[in-house]
Amino acid sequence: MSATAAPAAVKPMISIDSISKWYGPVQVLKDCTTQVTKGEVVVVCGPSGSGKSTLIKTVNALEPIQKGSITVDGIGVQAKGTNLPKLRSRVGMVFQHFELFPHLSITDNLTLGQRKVLGRSNEDARTRGLKLLDRVGLSAHAHKYPGQLSGGQQQRVAIARALSMDPIVMLFDEPTSALDPEMVGEVLDVMVNLAREGMTMMVVTHEMGFARKVANRVVFMDRGEIVEDATKDDFFDKPRSDRAQTFLSKIL
Ligand code: ADP
Ligand code: MG
């Protein structure tokens, strides 16, 4: 098949090509390659320190790389001339710690980026923000401050805030691992809905129930390498590497 004949549907939304990264003398990403197509949900898992956070942070250039290349929707993340603030505004990111602005109300948390980065009017930003707050089940909390919400609620606001920028992809880095167990489900439910609505997602998580429910593929990392990149069923039912088998036997 010639390159020009490839159907648009398989064009990757995120393309990570042979990337390597070092911290000083220590190589933390080793020739990593993977793609995420539009609407796909890819779960990234692996032992602590294997490079999962570093990998997903490279996607919006929060971490520079020394080798290889990354594109998001065809735009070179490291390419000279790429408008990084603009690119980052289209790549939603949700971290382990919610990182809401503590001194701003929930509504202001949801509208600030829309106003400052996207230039939306107060009214427009507010309408959209409140709609998203409703979508994550928190309409009643618009006037509160982050400190008045539970961890699970704050993380749902963080997801709504990322969505308020109309992202083309969403990156999650262990979004539930800092939460009390009883709050994990409410955050995963929001993420499951998002996945089912067709959002392109790259999710670092050890929540294998989530992976089984909505992931299309699982990327397994160990010591800076992508050791497996498999469909969900292949990964869970017949992991190829000893390292993945060992990992799964510990967490399942
Ligand atoms: P994971 O998210 O899988 O736990 P990380 O991507 O956070 O792994 O880290 C990968 C490796 O890079 C680890 O060995 C970690 O110690 C190292 N590392 C992460 N951040 C830094 C940093 N800022 N400086 C030096 N080493 C780092
Ligand atoms: Mg990490």
*Step through the residues of the range 188-203 one at a time and calculate ³J(HN,Hα) from phi using the Karplus curve (6.51 cos²θ - 1.76 cosθ + 1.60, θ = phi - 60°), rounding each to whole Hz and writing x for Gly and Pro.*
4, 4, 4, 5, 4, 4, 4, 4, 5, 7, x, 5, 7, 9, 10, 10
*In nm, spacing of pseudo-spin labels at Asp233 and Asp124 (7 Å Cα→C-beta vector)*: 4.5 nm
*asked:* Only four residue types carry charge here, +1 at the Cβ of Lys and Arg and -1 at the Cβ of Asp and Glu. Report the dipole size of the range 96-252 about the Cα centre in Debye, rounded to the nearest 20.
replied: 400 debye
_Taking 45 Å as R0, compute the FRET efficiency from the Cβ-Cβ separation of Ser150 and Lys80 and round it to 0.05._
0.55
*Could the peptides 217-228, 23-34 be put in order, highest first, of the mean number of other beta-carbon atoms found within 10 Å of their residues?*
217-228, 23-34
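Could you tell me what % of all Cα pairs in the range 11-86 have separations over 15 Å?
55 percent
Give me the dipole magnitude in Debye, nearest 20, for the range 48-183 about the Cα centre, with unit charges on the beta carbon: positive for Lys and Arg, negative for Asp and Glu. Mind showing how you got there, number by number?
Details: 17 positive and 12 negative charges, 99 e Å.
Approximately 480 debye in magnitude.
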*In nm, to one decimal, how far is the modelled label at Leu252 from the one at Ser177, with both set 7 Å along Cα→Cβ?*
2.0 nm
*Histogram of C-alpha separations across the chain, 5 Å bin width, %*: 1, 6, 13, 17, 18, 17, 13, 9, 5, 1, 0, 0
*Would you be so kind as to identify which of Ile106, His206, Gln153 lies farthest towards the positive end of the dipole of the chain, taking Lys and Arg as +1 and Asp and Glu as -1 on Cβ and the Cα centre as origin?*
Ile106
*With labels modelled as points extended 7 Å from the Cα through the Cβ direction, what inter-label distance (nm, one decimal) is found for Arg223 paired with Asp189?*
4.2 nm
*Scattering profile of the range 78-193 at q = 0.12, 0.13, 0.17 Å⁻¹ [log10 I(q)/I(0), Debye over alpha-carbon scatterers]*: -0.40, -0.47, -0.79
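Provide the FRET efficiency to the nearest 0.05 for the Arg196-Asp134 pair, computing r from the beta carbons and using R0 = 22 Å.
On the way: r = 17 Å, r/R0 = 0.79.
That pair, Arg196 with Asp134, gives E of 0.80.
Scan the range 158-198 for GluC sites (Glu not before Pro) in coil per DSSP, keeping those whose Cβ has at most 12 other Cβ atoms within 10 Å, and list them by number.
Within the range 158-198, the qualifying GluC sites (Glu not before Pro) (loop, at most 12 other Cβ atoms within 10 Å) are Glu197.
Only the coordinates and a few stated rules stand behind these numbers; no lab work does. Predicted model, so just to flag it, every value in this text is computed and none were measured. Cβ coordinates were reconstructed from backbone atoms using ideal geometry, including for glycine residues, and neighbour counts include every protein chain displayed.
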